[in-house]
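The structure appears right after this line, and notes come after that.
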Amino acid sequence: MSPRQGGRVGAPTSPDGGSTSPARPTRRQFLKVSLSAGGGLVVVLHGPWANGNSAAAAAGVQTTSDDFRAGPFVTVHPDGSATIYAKNPEIGQGVKTSLPMIVAEELGVAWESVRVEQAPYDPDRFGPQYAGGSTGITTNWDRLRIAGAGARHLLVAAASNRWGVDPADCSAANGVVAHGTGAGRRELAYGELLTEAAGIQPPDPESLILKRPSEFTIVGTSRSDVDLKEIVTGRTRYGLDYRVDGMQFAVIARAPTFGGRVRSFDAKPALAIPGVRQVVEIEPLDNRAYMSGGVAVVADSTWAAIKGRGALVVDWEPGPHATESSETLRDQFSQLIEGKGEVVRHDGDVDEALSSAVTRLEAVYEVPFLYHATMEPMNCVADARGDQIEIWAPTQVPGLCVALASIVTGVPREAITVHMLRAGGGFGRRLMAEYAAEAAAVSKATGAPVQVSCTREDDMRHGYYRPAGMYRMSAGLDGDGTLIAWESNVSTTSRHAFRGDEDTAAETEVFPDALPGAAAPNFRVTYAPAETSVPTGALRGPGKNATTFVEQCFLDEIAHASGQDPVAIRRRVIGEPRELPYRDHGGPTFQTGRIRHVLDVAVEESGWNRSLAVSSDRSGARPTGRRGRGVAAHMMFGAYVAHVAEVTVANDGRVRVDRVVCALDCGIVVNPIGARAQVEGGILHGISAVLHGEITIADGGAVEGNFDDYPLLRLDEAPEIEIHFVESSEHPQGLGEMAFPGIMPAVCNAVFDATGVRVRRLPIDVAELRFG
Amino acid sequence: MATITLTVNGRLHTVDVEPDMPLLWVLRDILGLTGTKFGCGKALCGSCTVHRIRSGVATAVRSCALPIATLDGAEIVTIEGLSDDGSHAVQRAWIEEDVPQCGYCQPGQIMAAAALLAADPRPRDAEIDNAMRGVLCRCGTHARIRAAIHRAAAGGGDR
Ligand code: FES
Ligand code: FES
């Protein structure tokens, strides 16, 4: 897209520009891999070394003040230590640690001698830089291995030249190149080789030999977050902590209705508040999805800005959806699921199969809007003085920050710099970048650097929510209990449609190649977007976080209706190990053997066939109540995940999740401790959503404003969690999102097991579960 | 405006601010101590937890809900002052257990845990849950928070 002042913001299509739809620059596209005679992997790179073009890669090899920079990621210092750039934004998903681990592995240095620095935003040098779609590890794996191996190659070449030996006879590890064995062994430390290495022609990436997984010494071992000590001493600077000389603090008054705008305002009462400096109006972008405008109050402190905003008088034009509410949306959904949608996939003849089915089931499911609730609210610092802009942002999409800041200010993109700050959570919320547009606009208007921040109420009432939706599900079984027909009629508030991509409204709202539906010979999916002004966006496991709940619960209903065990019916649907076509993110194939395996592991480790009483809880102090166990399994973004949940439902209806067993196959695990943390986080996030998560809409705006009416899971509600990663040497997949969707149906299926009450609408309604 | 004198991390500060400004914003925007985090502004999330010291005893308080006018002469300790170098038993336990994910809530978690251990050197799970349920973590570090508190307790809190 080519931005103009006031121009329409098209939907960015590159991941770098903010879309969550993943590019899959897999090695199939630019690498060929084969085993060399020596048994190492030969990587043939069709394209650049590391990533930039070859000329840039070559230019990247240089010595600066005795350091040796090999490619964009690696600098080796004379003392043998190395600095490695972390290319992507860190939002708590651990890539600031795990991505440099991949480079260090191939570079052949001890992790302890590595210093990690956050890379600047410069995609020409570093390749795409964003955090979305759980793609950080999977799409950078090859690139970063090559970056490390390329630098190692030069150092080995320098040593072998000095010794006059064949580089193939040399080895490199722990920052040392070695040749020979026993008494004839010679060693040179990397730090002694820098000048010579810099004089060597950068390698043809096609000639690089990468390590075999069995040779890994860093990848696959647990490494602490590189910022750990800074975090526990309070020294980490998140976005809200960033300070620039002369910086002012701003908050923005936004329309109380989605789609509303400023008619007029009186700044005087705000300016009368001590500390308030200026009041400026921010125009919405033509595509309001990217920034909806408002009135900014700029002050000497955040508190003065908040108070000033409280005094500000704004007359709002409510916009076209001012009477919208959760009820009006439900009415729309109810009508739209009656077969009015676009047919996304139709195999066989669903109507015929359903009418001839021996067992036939129908159910309607619903999911609410969900709020991301990053603990650090949205914020951004911008300095737009002069004809350049500098931005400091906790963001998942630095590229979109540049694009939007350019549009709102008219400053060309080349003159805009973005610094990626460690973010206090992301979960997809920071895939939008209205905060950067707002900060740039305010700074431009005031002529001073500014930090624009959200209070919790701002953040919660002006989010980009997980879409709400309704799902009419139908299934038919033959006399053997085989699934012969499956239909999903879906209506949601499409996030693609919200930002103007009507053509792709169904994308990530339904997944027409996913099991169980795709296992039925007669299968139909229809989709119809609802008309709404409620902002929606990507939230951890977009789409899957709704469809997996619906499908895995409905499959449970089918199991019970046909007298089958919930695990047995899943094994039956999954079938023999084979590859099914899968067009969505995580494809191109769905490997049924891998989903079967994680299901088996979760079932086995959970003690599925033991009576629940023996798998009792840790403290023995659970409230007396009905206990139940539930299962779910799905594939998401190329990772295979199964959950078993155990719950206790108290007599007053309150649900407590006692224990969760989760098995995953995500290929090679780079940093096990970080991987576990992502999975635990996903599980707790899912339990929080099932028990508490709902944004309601009334009078055209969001009702909930803070953690009193939008509760998050607290420490006393956290279950025991056991995680099992399947041993694998498959290409690594991401993990940040994959454990979130499946826990929701696992818990709801456990609630059914405990109570006989089927949860078809989230969050769980405690009143429906009361006993006696 | 009000002129308030208080001790923060052992240093005396005099600030000239609106009397209703919460301690949180005085720390962050006036004194430049940004280790204490904003999460909700309404004593609901615990991100802003600091210690108020009275008669040598540390109590965990939510700095977002404490107007500065009520703190003349008060003694406050923030995450920056818990130790000079991350050596407080709770910080060491947090490092050993690799508690943080995004890390944003962790200063509040650590301050709450340090106050808990100062009052009760051997808390049981139920007591930990009770003391810590007021500090939200969206990333899901719950299990490691429990483990780290047990670890710090076993190693003997140093306050
Ligand atoms: S910011 Fe003080 S408790 Fe949330
Ligand atoms: S570590 Fe991210 S909110 Fe707790």
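Residue count for segment B:36-49, restricted to those that are surrounded by fewer than 24 Cβ atoms within 10 Å (Cβ to Cβ) and more than 6 Å from ligand 1 (Cβ to nearest atom): 1. Across segment B:18-34, the number of residues qualifying as facing another protein chain (nearest Cβ under 10 Å), assigned to a helix (DSSP H, G or I) and within 15 Å of ligand 1 (Cβ to nearest atom) comes to 5.
So that you can scan it fast, the table gives a plain yes or no per residue for (1) outside any helix (DSSP H, G or I); (2) within 14 Å of another protein chain (Cβ to nearest Cβ); (3) under 30 Å from residue A:483 (Cβ atoms):
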| residue | (1), (2), (3) |
| --- | --- |
| A:285 | yes, no, no |
| A:296 | yes, no, no |
| A:315 | yes, no, no |
| A:319 | yes, no, no |
| A:331 | no, no, no |
| A:351 | no, no, yes |
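Using the structure shown, decide if residue A:274 is assigned to a loop (DSSP other than H, G, I, E, B), without any contact (Cβ under 8 Å) to a residue 24 or more places away in the chain and open to solvent by 20 Å² or more (accessible area, probe 1.4 Å). The answer is no for residue A:274. Restricting to segment B:131-141, and then to whatever is facing chain A (nearest Cβ under 7 Å) and more than 9 Å from ligand 2 (Cβ to nearest atom), can you tell me which residue is least open to solvent (accessible area, probe 1.4 Å)? Step by step, filter segment B:131-141, then rank; the result is B:132.
The rows are residues; the columns are (1) more than 17 Å from residue A:114 (Cα to Cα); (2) in contact with a helix residue (DSSP H, G or I) (Cβ under 6 Å, 6 or more places away or on another chain).
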{"site": "A:152", "(1), (2)": "no, yes"}
{"site": "A:160", "(1), (2)": "yes, yes"}
{"site": "A:163", "(1), (2)": "yes, no"}
{"site": "A:169", "(1), (2)": "yes, no"}
{"site": "A:174", "(1), (2)": "no, no"}
{"site": "A:189", "(1), (2)": "no, no"}
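Here are some conditions: (1) closer than 22 Å to residue A:367 by Cβ; (2) part of a strand (DSSP E or B). Residue A:460 meets all but one. Which one does it not meet? Result: residue A:460 fails condition (2) only. Looking at A:497, A:514, just one residue is outside any loop (DSSP other than H, G, I, E, B) and not hydroxyl-bearing (Ser, Thr, Tyr), and that residue is A:497.
Condition check ((1) within 14 Å of chain B (Cβ to nearest Cβ); (2) out of contact with any His (no Cβ under 8 Å at 6 or more places or on another chain); (3) on the phi > 0 side of the Ramachandran plot) across all residues:
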| residue | (1), (2), (3) |
| --- | --- |
| A:251 | yes, yes, no |
| A:257 | no, no, no |
| A:263 | no, yes, no |
| A:266 | no, yes, no |
| A:273 | yes, yes, no |
| A:279 | no, yes, no |
| A:282 | no, yes, no |
| A:288 | no, yes, no |
| A:292 | no, no, no |
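Annotation: residue A:211 fulfils all but one of (1) among the basic types (Lys, Arg); (2) touching a helix residue (DSSP H, G or I) at 6+ places or on another chain (Cβ under 8 Å); (3) within 25 Å of residue B:95 (Cα to Cα); the unmet one is (3). Picking from residues in segment A:54-102 that are open to solvent by 20 Å² or more (accessible area, probe 1.4 Å) and among the acidic types (Asp, Glu), the one that is modelled with the highest pLDDT is A:79.
Scan segment B:130-151 residue by residue and report those that are more than 15 Å from the chain's Cα centre (by Cα), of a type outside the set (Gly, Ala, Ser) and at pLDDT 95 or above.
Taking segment B:130-151 and keeping what is more than 15 Å from the chain's Cα centre (by Cα), we get B:130, B:138-144, B:146-148, B:150-151.
Restricting the remaining residues to those that are of a type outside the set (Gly, Ala, Ser) gives B:130, B:138-139, B:141-142, B:144, B:146, B:150-151.
Within segment B:130-151, B:138, B:139, B:141, B:142, B:144, B:146, B:150, B:151 qualify.
Between A:446, A:395, the distinction of being modelled with pLDDT of 95 or more, more than 16 Å from ligand 1 (Cβ to nearest atom) and over 24 Å from the mean Cα position of the chain (by Cα) belongs to A:446 only.
Only strands (runs of 3 or more DSSP E) wholly contained in segment A:546-656 count here; list those with 3 or more residues that are closer than 23 Å to residue A:686 by Cα and open to solvent by 20 Å² or more (accessible area, probe 1.4 Å).
Values: elements: A:579-581, A:589-591, A:625-636, A:639-650.
Those strands (runs of 3 or more DSSP E) span A:625-636.
Restricting attention to segment A:730-753, the residues that are within 15 Å of residue A:657 (Cα to Cα) and open to solvent by 20 Å² or more (accessible area, probe 1.4 Å) add up to 2.
Filter segment B:112-130 for residues that are facing chain A (nearest Cβ under 9 Å) and within 16 Å of ligand 1 (Cβ to nearest atom) and give the result.
At the first step, the residues of segment B:112-130 found to be facing chain A (nearest Cβ under 9 Å) are B:124-126, B:128-130.
Once the filter is applied, which keeps residues that are facing chain A (nearest Cβ under 9 Å) and within 16 Å of ligand 1 (Cβ to nearest atom), segment B:112-130 yields nothing.
Taking the residues in segment B:45-68 that are assigned to a loop (DSSP other than H, G, I, E, B) and in contact (Cβ under 8 Å) with a residue 60 or more places away in the chain as candidates, determine which candidate is farthest from residue B:133 (Cα to Cα). The extreme case among them is B:48. Exactly one residue among B:79, B:68 is open to solvent by less than 20 Å² (accessible area, probe 1.4 Å), under 16 Å from residue B:8 (Cβ atoms) and within 16 Å of ligand 2 (Cβ to nearest atom), and that residue is B:79.
Looking only at residues of segment B:35-47 that are within 16 Å of ligand 2 (Cβ to nearest atom) and more than 15 Å from residue A:454 (Cβ to Cβ), we find that the one that is nearest to the other protein chains (Cβ to nearest Cβ) is B:35. Only one of the numbered conditions (1) within 11 Å of chain A (Cβ to nearest Cβ); (2) within 16 Å of ligand 1 (Cβ to nearest atom); (3) assigned to a helix (DSSP H, G or I) is violated by residue B:146, and that is (2).
Yes or no, residue by residue, for (1) over 20 Å from residue A:347 (Cα atoms); (2) in contact with a helix residue (DSSP H, G or I) (Cβ under 8 Å, 6 or more places away or on another chain):
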| position | (1), (2) |
| --- | --- |
| A:555 | no, yes |
| A:568 | yes, yes |
| A:571 | yes, yes |
| A:574 | no, yes |
| A:577 | yes, yes |
| A:581 | no, no |
| A:589 | no, no |
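Check segment A:680-702 and report whether any residue there is charged (D, E, K, R), under 27 Å from residue B:98 (Cβ atoms), within 10 Å of chain B (Cβ to nearest Cβ) and in a loop (DSSP other than H, G, I, E, B).
From segment A:680-702, those charged (D, E, K, R) are A:680, A:694, A:699; that's our starting set.
Retained after the next criterion (residues that are under 27 Å from residue B:98 (Cβ atoms)): A:680.
Cutting the leftovers down to within 10 Å of chain B (Cβ to nearest Cβ) gives us A:680.
If we keep only those that are in a loop (DSSP other than H, G, I, E, B) too, we end up with none.
So far as segment A:680-702 goes, no, none of its residues is charged (D, E, K, R), under 27 Å from residue B:98 (Cβ atoms), within 10 Å of chain B (Cβ to nearest Cβ) and in a loop (DSSP other than H, G, I, E, B).
Of the residues making up segment B:89-130, just one is in a helix (DSSP H, G or I), open to solvent by 40 Å² or more (accessible area, probe 1.4 Å), charged (D, E, K, R) and more than 12 Å from residue B:150 (Cβ to Cβ), namely B:92.
Return the residues of segment A:753-772 that are in contact with a strand residue (DSSP E or B) (Cβ under 7 Å, 6 or more places away or on another chain) and in a helix (DSSP H, G or I); say none if nothing qualifies. The answer is A:753, A:754, A:755, A:769.
Of all residues assigned to segment B:69-84, at least one qualifies as being free of Cβ contacts under 8 Å to residues at least 60 places away in the same chain, within 15 Å of ligand 1 (Cβ to nearest atom) and under 19 Å from residue B:25 (Cβ atoms). Scanning segment A:696-720 for residues that are buried (at least 22 other Cβ atoms within 10 Å of the Cβ) and β-branched (Val, Ile, Thr) yields one hit, A:697.
Could you check segment A:454-492 and list, in sequence order, the residues that are open to solvent by 10 Å² or more (accessible area, probe 1.4 Å) and within 16 Å of ligand 1 (Cβ to nearest atom)? Residues satisfying the conditions are A:454, A:455, A:457, A:458.
The values are calculated or read from the model by the stated rules, or taken from the named source; none is laboratory data. Not measured: the values here are computed from a predicted model. Note that we place each Cβ from the backbone using ideal geometry, even for glycine, and neighbour counts take in every protein chain shown. Heads up: the accessible areas ignore ligands, DNA and RNA and are worked out on the full protein's heavy atoms, side chains in. Shrake-Rupley method; radii C 1.70, N 1.55, O 1.52, S 1.80 Å.
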